[in-house]
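Asker: Before we start, here is the structure in question, set down as C-alpha cells.
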Amino acid sequence: MATIPAQSGNLASFPQTRVHASEKTAAIPWYIWCATVAATSATIGGYWDISWHESIGRDTFWTPAHMAIYLCGVLAGIAFGYLILHTTFAKSSPLAASSVHIFGFRAPLGAFIASWGGIAMLTSAPFDNWWHDAYGIDVKIVSPPHILLIAGVYGVVIGTLVLLAGHMNRSESSHAAGNRLILYINGIMLVQIMILLMESTERIYLHSLLPYIVTAALPPIVLALSSRLTGYRFAATSVTAFYMLFRLGLILLLPLFPAEPKLGPVYQQVTHFIPPDFPLLLIVPAFALDLLWQRTKTWNPWKLATLSGFVWVSLFLAVQWPFATFLMSPASRNWFFGTAYFFYALPPTSFMARNVFYPSSLTPVEFSLGILCAVLIGTLAFRWGIARGEWLGKIKR
Amino acid sequence: MKPLRLGAPLCLLAALAHAHVGSPDIYLEGKAGPYQLFVTVRPPLTIPGVAELEVRSESPGVSEMRAVPLAMAGAGAKFAPIPDSLKVSPGDPRFFTGSLWMMTSGSWQVRLTVDGTQGQGVLSVPVPAFARSSKRMDLGLGAMLSILGLFLVSGLVAIIGAASREAKLDSGQQPAPANLRSGRKATIIGAIILLAVVWGGNAWWNSEAVDYSRRIYKPLQMSATLNGAELSLQMREPGWMQANNVRLAAYRVFTRKMDDLVPDHGHIMHLYVIRQPGLDAVYHLHPEQKENGVFRLALPSIAAGLYKLYADIVHANGFPETMVAEMDLPPLSSRPLTGDDAAASAQPWQTSSAANTVFTLPDGYKMEWLRGDKPFAFRLTKSDGSVPSDMSLYMGMLGHAAFVKTDGTVFAHIHPNGSVSMAAMMLASGMPPGMDHSAMNLAETLPNAVSFPYRFPSPGRYRIFVQMKHGATVETGVFDAIH
C-alpha cells in the first residue's frame, strides 16, 4: 500500500490527478474517522458476537459483542445526525456548498447513507428481538432482521467510503493516506460480506457449487471498486489480505479467552471462544486479478469484467477445492487452521463434526454449468464494481 | 371389521397436546438429596425460548439453588452448560425462581442442585420442550417498525435520487435540468427496485413463518376402530420432527419415532375412555402394542355413548405424548375389568355440584377431597369411616388422577409426584425407563390419602377422576371443581 501508481487510458483518470497533485497531505476530517471507527466496531462486534453465540450461546442484549455492533449504529447516528443538522442549519458550514439535498436537509451524500445505515441497525434491534420471541430462530445468520442489521452496517461502511471519496475528490492535495483508508474500509467491507457468506461457505460445502456462486457475486464488487478507486497496483491483494489476516487473527486470538456454554444442549465441549472457519483463499485469485488489471488498463470494461470473472472463479475453484480437502484432514486440526474448534451445539452426527463434505446432488455436467453461471455472475459483479469505482472517483459531494 | 353404529370408524385429529392436553406446565414433588422440593416449570411457547422455573423447598436450610438444562439422553446429556443460580424470594427464603433457555425441541431435563445446611442434593425434572405457537406482533411495535421501515425505504429512495442528481456536481454548482432528470429517473428506478426488495423480504418472512409453523408441535394422530368388542388404535405420524432428508438426518438430534415406546409404570399405553358430554363414565385401560403404531384391546363391558379417548405414551427418550380420538360406542357386554383396569360412573357434571367433597364408591367405600393445604389431596375410607387396612399401590403409586376440563380443552394425567411420566423420571435419574413398577409394593403400611401437585391451567369447570387401590380393588372417585 506504499505507493499509488499512475494509471493511464480509460481505466480511471482520477487516480492520476491524485498522484500528480501536491504532496501536501489532506487532513481527513473527524467525521470520516468517526465513521471508520463505527465500521470497525461493527466488524469486530459482528465476529465476536458470532463467536459468543457459538461458545456461550444466547445471552443478554448487553454483551460487549452486541455493544460493539450497536456502537456502530449509535456512532453513525450521532456523528452524521450532527453533521446533517450542522450542515443544514449552521450558516458557516464549510460543507454547505458540497452537499446534496434530501427531505429538506443538506449534507455530504455519505453522511445520509451512513445515517441511514445507523437507523437501519437500530431498527433491526427491536425487530430481531421480536423475531426471536415469535419464531425463536437464532442459530442462523441469514434471517430478515439480521439482514436489516447487516444492511445497516453496509450502509455505514458505504457511507464512509462515499464521504472519503467525496472529500478526496474535492481536495487538491495528495491522497496517499486517503487511499490507504479506502483500502482499509474496503477490507472491512469484504470482511463484513464474508459474514453474510459464512453459512454458505463453511468448509463442508466447499466441494459443492454454492460457495463458488456466492463468492462470485459479492467479493468481486469490492475488489474491482478498490482497484478502480485507488488505482493501487495490488488493491485486490491488499483487501483480500486484510480479510485473511483478520480471520487468521480471530483463529489465533479468540481461543486464548475462556468461554463456556450457558445454554444446552451441549454436544461439543467448549472451554474457550470458538473462532470462525479458516479464511477462504480469495487472496490467490485476487493477486492474479491485480496482475491482470495491471496489464489490461486500456481494455473495454465489459471485456475486462468477463475475463476477470473467468479468472476469479476458475482460480478460486482450483485452489480452494484441494485446500478444502486438506481442511477436512486431521493435519488441519491445530491452532493455526483451527478446524478442531466446534460450536457447542454442533451435533456429533453433523457433517462438520464428522469432517465430511456435504454431498452434492449435481452431476459433473450440472456442476460445470453451475460454474459457468458463477463466471457470469462474477462478470456482472466485476462490471458493477468497476462502474461504482469510477462513480466514486467522480463524486464531489 | 364391524363398523361402529353402522357407520365408518370415527377419527378426529388430536388437539394440541403432549403428555397432557392443554396443560403444558410441569409440576413435580421430589427430593433433592435431603431437601423436599415442589418444582414448577413453565415451558416456553417458542423454541428456542425461555422456560420459567419456580421451586419451593419444603425443607429448611436451603441456601442456594442452581439449575441447568440438559438433554435427557444421548450426546446432549454428556456435557452441561454453566448452571444458572435461582433467585431467592425476598419475602420467602424457601421460594426460588429462575429462567432457562430451551434451545431445541426434544426431551430435556432441568437438573436442580440444592446447597444448604444438610449438604448438597440433586433433582432432575423431565421437561418436554416443543414450540406451541408463534407470537403475533403487537400493534405498538408493528406501528413503530412500519414507520421506521417506511422511513428507511423512502430515505434510501431519496438518497439514490440525490446521488444521481447532485453527487458529481462541483461545490456550489446548481443542478442543471439534465441532472434533475437524471435524479428523477434514478428515484423511480430505485423505488421500483426497493419495492421489489420489500416484496421479496415479505415473501421471505412468510416463508420463514411457514417453516416455523412446521416445527410447532403436532401430536401423533390416532384413529380408533371397533371389531366386535376389540378396540384397535392406529397411530399416524403427522410429520413433526422427522429426519427425512440428508441434512436433517445429520443435524436433527431429536426426532420422533413410533417404534420406540417404553412402558410407563408397567404399560406401554394408558388409555382413558371418557363419555361425552357429561364425563359421567370413565375407563382407565391398557391396550397392548401389537406392532409399531398399532394397539389392540378387548374392551370390557361399556355403556353406549360418544367417548373421548386419551392415550398416554412415552418415547424411549422420555418424551411423553397424549393422543386423542373420539368414537361412538355401542353398548358392549363383554369381559369384566381385570388387572390394572379401572372404571367409574357418576352424575353428569351438568347435574352435579362442585361443592360435593365426598364420593361414595360402588362397594360402599368413600373417597373424600380434603381441600386442605394441598389443593388436591384425597382420602379413601371404608363405609364406616375407618382406614382400610389393605391399601395397595396402583401401578406403583398411591394413586392416579385425571383432570379433565368439561369443554374438552384440558386433559392431564397426574401422579402423586406430579405431572411427569415415571418413565421420564427414571431416565432423568439414570435408570432404564422401561422398569416395571406394577409388581413393586411396599412392606410397610400404605397411607389411605394421596395428593397430586397440580394447578388448573385455565379458568373453567373441571372433573377430577381419582384412583386409589385397596386389596385388589381399584377405586375411582369423581369430583367437580370450578376454577
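Where a number appears in this text, it was derived from the coordinates with a stated rule and is not lab data. All of these numbers come straight from a predicted model, not from anything done at the bench. FYI the Cβ positions are ideal-geometry reconstructions off the backbone, even for glycines, and counts take in every protein chain you see.
Asker: Between A:PHE367 and B:TRP205, what FRET efficiency comes out of the Förster formula 1/(1 + (r/R0)^6) with R0 = 25 Å and r the beta carbon distance, rounded to 0.05?
Answerer: Numbers: r = 32 Å, r/R0 = 1.28.
Taking R0 as 25 Å, the efficiency between B:TRP205 and A:PHE367 is 0.20.
Asker: Please state the charge dipole magnitude for the protein assembly as shown, taken about the Cα centre, from unit charges on C-beta atoms (+1 on K and R, -1 on D and E), reported in debye and rounded to the nearest 20. Don't skip to the end; give the middle numbers.
Answerer: Details: 64 positive and 53 negative charges, 740 e Å.
Roughly 3560 debye for the protein assembly as shown.
Asker: Could you list B:LYS185, B:LYS218 in order of exposure, starting from the residue whose Cβ has the fewest other Cβ atoms within 10 Å? List each step's numbers first, then the result.
Answerer: Values: B:LYS185 13, B:LYS218 19.
Taking fewest neighbouring Cβ atoms as first place, the list is B:LYS185, B:LYS218.
Asker: Ranked from highest to lowest mean number of other Cβ atoms within 10 Å per residue, what is the order of the peptides B:323-329, B:338-344, B:351-357? Please list the in-between numbers first.
Answerer: Numbers: B:323-329: 21.0, B:338-344: 17.4, B:351-357: 11.9.
Most protected by this proxy first, the peptides run B:323-329, B:338-344, B:351-357.
Asker: Counting only other chains, what is the mean number of Cβ atoms within 10 angstrom of the Cβ of each residue in peptide B:149-156? Write out the running numbers ahead of the final one.
Answerer: Working: counts 4, 0, 5, 9, 0, 2, 8, 6.
Average neighbour count from other chains, rounded to a whole number: 4.
Asker: Specify whether the C-alpha gyration tensor of chain A places it in the rounded, prolate or oblate class, a ≥ b ≥ c being the square roots of the eigenvalues: rounded for a/c under 1.5, otherwise prolate if a/b is larger than b/c and oblate if not.
Answerer: Values: a/c = 2.04, a/b = 1.26, b/c = 1.62.
Judged from the Cα gyration tensor, chain A comes out oblate (a/c at least 1.5, b/c at or above a/b).
Asker: For the range A:118-241, what does the alpha-carbon gyration tensor say about shape, rounded, prolate or oblate, given a ≥ b ≥ c as the root eigenvalues, a/c under 1.5 as rounded, and a/b over b/c as prolate? Please list the in-between numbers first.
Answerer: Details: a/c = 3.77, a/b = 1.48, b/c = 2.55.
Since a/c reaches 1.5 but b/c is at least a/b, the shape of the range A:118-241 is classed as oblate.
Asker: Residue by residue through B:195-204, how many Cβ atoms from other chains fall within 10 Å of the Cβ on average?
Answerer: On the way: counts 0, 0, 1, 0, 0, 0, 3, 1, 0, 4.
Per residue, the number of nearby Cβ atoms from other chains is 1 on average.
Asker: Need one number for chain B: average projected area of the convex hull over its C-alpha atoms, nm². Walk me through the numbers on the way to the answer.
Answerer: Values: hull surface 131.9 nm².
Taking a quarter of the hull surface, the average projection is 33.0 nm².
Asker: Helix A:64-89 against the longest principal axis of chain A: what's the angle in degrees, Cα atoms only, rounded to the nearest 10?
Answerer: With both axes taken from Cα atoms, the answer is about 20 degrees.
Asker: Ok, one more. Mind checking Rg over Rh on the range B:28-176, alpha carbons, Kirkwood formula for Rh? List each step's numbers first, then the result.
Answerer: Working: Rg = 26.3 Å, Rh = 19.2 Å.
With Rh from the inverse mean 1/r over Cα pairs, Rg/Rh is 1.37.
Asker: Given N residues in the range B:341-483, what is its alpha carbon radius of gyration divided by 2.2 N^0.38 Å?
Answerer: Values: Rg = 15.4 Å, N = 143, 2.2 N^0.38 = 14.5 Å.
Scaled against compact globular proteins, the figure is 1.06.
Asker: If you don't mind, another one. To the nearest 10 degrees, how steeply does helix B:139-166 sit against the main Cα axis of chain B, on a 0 to 90 scale?
Answerer: 20 degrees
Asker: Considering the zone a paramagnetic label at B:LEU370 would reach in this model (a point 7 Å from Cα along the Cα-to-Cβ line), which residues of the range B:394-431 have amide N under 17 Å from it?
Answerer: It comes to B:398-401, B:415-418, nothing else.
Asker: Which is farthest toward the positive dipole end of the protein assembly as shown among A:TYR267, B:ALA342, A:THR215, measuring Cα position about the Cα centre, with Cβ charges +1 (Lys, Arg) and -1 (Asp, Glu)?
Answerer: Towards the positive end, the residue furthest out is A:THR215.
Asker: Too long at a 32 Å Cα-Cα cut-off: which of A:LYS140/A:LYS297; A:LYS262/B:LYS31; B:LYS78/B:LYS218; B:LYS218/B:LYS366; A:LYS140/A:LYS303; A:LYS396/B:LYS185?
Answerer: Numbers: A:LYS140/A:LYS297 42 Å; A:LYS262/B:LYS31 25 Å; B:LYS78/B:LYS218 28 Å; B:LYS218/B:LYS366 40 Å; A:LYS140/A:LYS303 38 Å; A:LYS396/B:LYS185 20 Å.
Too far apart for the 32 Å limit: A:LYS140/A:LYS297; B:LYS218/B:LYS366; A:LYS140/A:LYS303.
Asker: At 222 nm, what helix-only mean residue ellipticity would the protein assembly as shown give, in deg cm²/dmol to the nearest 500, using -39500 (n - 2.57) for each DSSP H run of four or more?
Answerer: On the way: 17 runs with 325 residues, N = 880.
When only DSSP H runs of four or more count, the value is -12500 deg cm²/dmol.
Asker: Classify the protein assembly as shown as rounded, prolate or oblate from the Cα gyration tensor: take a ≥ b ≥ c as the square roots of its eigenvalues, call it rounded if a/c is under 1.5, otherwise prolate when a/b beats b/c and oblate if not. Walk me through the numbers on the way to the answer.
Answerer: Numbers: a/c = 2.60, a/b = 2.47, b/c = 1.05.
The shape class here is prolate.
Asker: Follow-up. For the range A:254-372, what is Rg from Cα atoms divided by 2.2 N^0.38 Å, rounded to two decimals? Display every interim value, and only then the final one.
Answerer: On the way: Rg = 19.3 Å, N = 119, 2.2 N^0.38 = 13.5 Å.
After normalising by residue count via 2.2 N^0.38 Å, the value is 1.43.
Asker: Further question on the same structure: Given the range A:173-262, what whole percent of its Cα pairs are spread farther than 20 Å? Display every interim value, and only then the final one.
Answerer: Details: 1848 of 4005 pairs.
So the portion of pairs separated by more than 20 Å is 46 percent.
Asker: Give me the inter-chain shielding for B:75-87: mean count of other chain Cβ atoms within 10 Å, whole number please. Mind dumping the intermediate values first?
Answerer: Working: counts 8, 7, 3, 6, 10, 5, 12, 9, 1, 2, 0, 0, 0.
Taking all residues of B:75-87 together, the mean is 5.
Asker: Compute the long axis of helix A:144-170 from its Cα atoms, compare it with the longest principal axis of the Cα atoms of chain A, and write down the angle in degrees, 0 to 90, nearest 10.
Answerer: With both axes taken from Cα atoms, the answer is about 30 degrees.
Asker: Rounded to the nearest Å, what's the spacing between the alpha carbon centres of the range B:43-81 and the range B:113-145? Just the number, please.
Answerer: The range B:43-81 and the range B:113-145 have Cα centres spaced 9 Å from each other.
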